[in-house]
Amino acid sequence: MNTRLSVRARGIGKCFGDVVALDGIDLDVAPGRVHGLVGPNGAGKTTLLGLLLGLAAADSGTLEILGTPVGRTLDAPGGVAGFVDGPGLYPSLTARQNLAALAALRGDVRANRVDDVLDEVGLTDVADDRTRGFSLGMRQRLGLAAALLAEPRLLVLDEPSNGLDPAGKRHVHGVLGRLAADGATVVLSSHRMDDLEALCDEVTILATGRVVFSGPLDKLAGENRELDYRLRTSDASAARLLAADTAGVRLVDDAGSRPGAAEATVVRAATPALDDLVARLVRAGVAVRELTPVVSPLEAAFLALTTPQEDGG
Ligand SMILES: Nc1ncnc2c1ncn2[C@@H]1O[C@H](COP(=O)(O)OP(=O)(O)O)[C@@H](O)[C@H]1O
Ligand SMILES: [Mg+2]
């Protein structure tokens with residue numbers, strides 16, 4: 001038993017018939033962290049989060065939640081709250097009534113907590129509207145409010161930013177940040193890397209039921225791989241000639257991919273070769289007006305780790 005970790009999973013396996021959903025998952029999440037679980041559809045994110053919530057039991061491996069070993073029988077571990085596959089709500093009840101009903105069922109919810117959590121997720125103005133008419137983003141925020149009712153020490157959220165507009169994202173971001181600052185732990189999932197950049201400082205990347213990366217985001221982004229960069233200069237043809245002539249830099253044919261991008265060139269390179277190219281451009285009197293990754297370094301790392309190789313290796 002390790003009381004210093006909120007989640008400690010070792011060798012977790014879970015099958016649905018012939019489908020191996022989780023294949024030997026190790027996961028460590030320390031208190032006070034917002035940990036992202038990211039992977040393509042079908043990677044196993046919802047299955048793993050369901051195990052943390054006690055909605056299903058693993059077939060193999062060991063799991064400790066908040067320092068307590070989870071057995072093979074179904075049981076919601078104490079101090080854990082959240083949802084998978086979207087929050088369950090009564091459409092004919094208002095937001096406030098949904099939360100009050102849940103609070104009554106739980107029995108361990110402080111007075112005024114319903115109003116507090118509505119305020120925290122930014123739904124006070126629509127608290128007395130029936131949830132039938134709620135957008136996906138509003139439903140997600142109400143689901144988060146429901147999970148916050150009992151002041152969990154481990155909050156588990158499945159794809160919480162689906163359907164959120166920028167204001168909704170800001171609210172959710174603020175709520176999760178405050179929880180983590182208070183020492184609670186958040187584990188959330190997304191199929192999009194860019195969602196997690198704003199919310200998490202560490203991620204576990206799943207691909208077909210296996211962990212392909214686990215650690216801080218900057219470690220993932222810092223892995224020095226080749227990326228595509230859009231290069232705009234004062235002299236496109238000179239830039240193309242120099243790029244083609246610089247070791248480690250390749251021209252990527254991107255002609256016509258963007259209207260008005262005529263004088264932009266896309267080059268593929270790792271950072272040292274890119275540095276060489278920029279130095280050569282400047283020496284040749286070619287001004288660099290734009291040099292940006294076509295996809296973010298994190299997204300590129302995510303795609304490289306989760307896209308099956310064509311050679312089957
Ligand atoms: N209840 C279930 N019955 C059968 N197969 C399931 C069930 N839940 C998940 N799976 C399968 O397990 C794999 C992982 O699914 P899931 O955890 O939902 O992935 P994700 O949330 O990353 O999209 C998929 O191949 C999915 O089809
Ligand atoms: Mg899922």
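The values are calculated or read from the model by the stated rules, or taken from the named source; none is laboratory data. It should be emphasised that the depicted structure is a prediction, and the values quoted were computed from it without experimental measurement. Don't worry about glycine lacking a Cβ; one is built from the backbone with ideal geometry, like all the others, and counts go over all protein chains shown. Just the protein is used for accessible areas: all its heavy atoms, side chains included, with ligands, DNA and RNA removed. Shrake-Rupley method; radii C 1.70, N 1.55, O 1.52, S 1.80 Å.
Mind checking region 173-237 for trypsin sites (Lys or Arg not before Pro) that DSSP puts in a loop (not H, G, I, E or B) and that have at most 16 other Cβ atoms within 10 Å?
Values: sites: R178, R192, R210, K219, R225, R230, R232; in loops: R192, R225.
For trypsin sites (Lys or Arg not before Pro) across region 173-237 that sit outside H, G, I, E and B with at most 16 neighbouring Cβ atoms in 10 Å, the list reads R192, R225.
Would you grab the residues whose amide H sits under 5 Å from the one on H35? Only those 5+ places off in sequence or on another chain, please, with H modelled 1.01 Å from N.
Amide H neighbours of H35: V186, V187, L188.
Put +1 on the Cβ of each Lys and Arg and -1 on the Cβ of each Asp and Glu in the chain; which of A207, P40, A104 then has its Cα farthest toward the positive end of the dipole?
A104
Rounded to the nearest 20 debye, what is the charge dipole size of region 48-142 about its Cα centre when +1 sits on each Lys and Arg Cβ and -1 on each Asp and Glu Cβ?
With Lys and Arg at +1 and Asp and Glu at -1, about 220 debye.
Quick check for me: using +1 on Lys/Arg Cβ and -1 on Asp/Glu Cβ, what's the dipole size of region 177-243 about its Cα centre, in debye to the nearest 20?
Here region 177-243 has a charge dipole of around 220 debye.
Could you go through region 114-130 in sequence order and give the Karplus-derived ³J(HN,Hα) for each residue, using 6.51 cos²θ - 1.76 cosθ + 1.60 with θ = phi - 60°, rounded to whole Hz, and x for Gly and Pro?
In residue order, the calculated couplings are 4, 4, 4, 6, 4, 5, 4, 8, x, 10, 4, 5, 10, 4, 9, 8, 5 Hz.
Cα axis of helix 297-306 to longest principal axis of the chain: angle in degrees, 0 to 90, nearest 10?
Computed tilt is about 70 degrees.
Compute the length gained on full extension between A181 and D218: take 0.36 nm times their separation in residues and subtract their Cα-Cα distance, giving the result in nm to one decimal.
Value of the extension gain: 11.3 nm.
If amide hydrogens are placed 1.01 Å from N in the peptide plane, which non-local residues have theirs closer than 5 Å to the one on V266?
L231, V252, D254
Run the quick spin-label model on R250 and R132: label points 7 Å from Cα toward the beta carbon, then report their separation in nm to one decimal.
5.7
Angle between the Cα long axis of helix 136-148 and the longest principal axis of the chain, 0 to 90 degrees, nearest 10?
In the chain, helix 136-148 runs at an angle near 50 degrees to the longest axis.
Determine the share of region 180-290's accessible area contributed by carbon and sulfur atoms, expressed in whole percent, with a 1.4 angstrom probe. Present the calculation step by step, with values, prior to reporting the outcome.
Numbers: 2730 of 5580 Å².
Ligands and nucleic acids excluded, carbon and sulfur reach 49 percent.
Solvent-accessible area of F213, probe 1.4 Å, all protein chains present, reported in Å² to the nearest ten, please.
Number for this one is 20 Å².
So which residue, out of P293, P77, P160, gets the largest mean-square fluctuation from a GNM of the chain using Cα contacts under 10 Å as springs?
It is P293.
With axes computed from alpha carbons, what is the tilt in degrees of helix 271-283 against the longest principal axis of the chain, rounded to the nearest 10 within 0 to 90?
40
Around G82, which amide H atoms from residues at least 5 apart in sequence, or from another chain, sit under 5 Å from its own amide H, with H modelled in the peptide plane?
Amide H neighbours of G82: V156.
With label points built 7 Å along Cα→Cβ from the Cα atoms of A236 and F16, find their separation and express it in nm.
Using points 7 Å along Cα→Cβ, the separation is 4.9 nm.
Using a cut-off of 22 Å between alpha-carbon atoms, which lysines can reach K219, once sequence neighbours fewer than 8 places away in the same chain are excluded?
Excluding near neighbours in sequence, the set is K45.
Suppose R0 equals 41 Å; then what is the FRET efficiency for N112 and R4 from their Cβ-Cβ distance, rounded to the nearest 0.05?
0.80
So, R0 is 41 Å and r is the distance between the beta-carbons of V282 and D165; what FRET efficiency does that work out to, to 0.05?
Once rounded, the FRET efficiency stands at 0.45.
Looking at the chain as a GNM with Cα springs under 10 Å, which of S190, S92, S60 has the largest mean-square fluctuation?
S92
Based on Cβ point charges of +1 for Lys and Arg and -1 for Asp and Glu, what charge dipole magnitude is obtained for the chain about its Cα centre, in debye rounded to the nearest 20? Could you put the intermediate results ahead of the total?
On the way: 32 positive and 41 negative charges, 67 e Å.
Taking the Cα centre of the chain as origin, the dipole is about 320 debye.
Rank V266, V186, V156 by mean-square fluctuation in a GNM of the chain with C-alpha springs under 10 angstrom and give only the top-ranked residue.
For the chain, modelled as a Gaussian network with Cα springs under 10 Å, the answer is V266.
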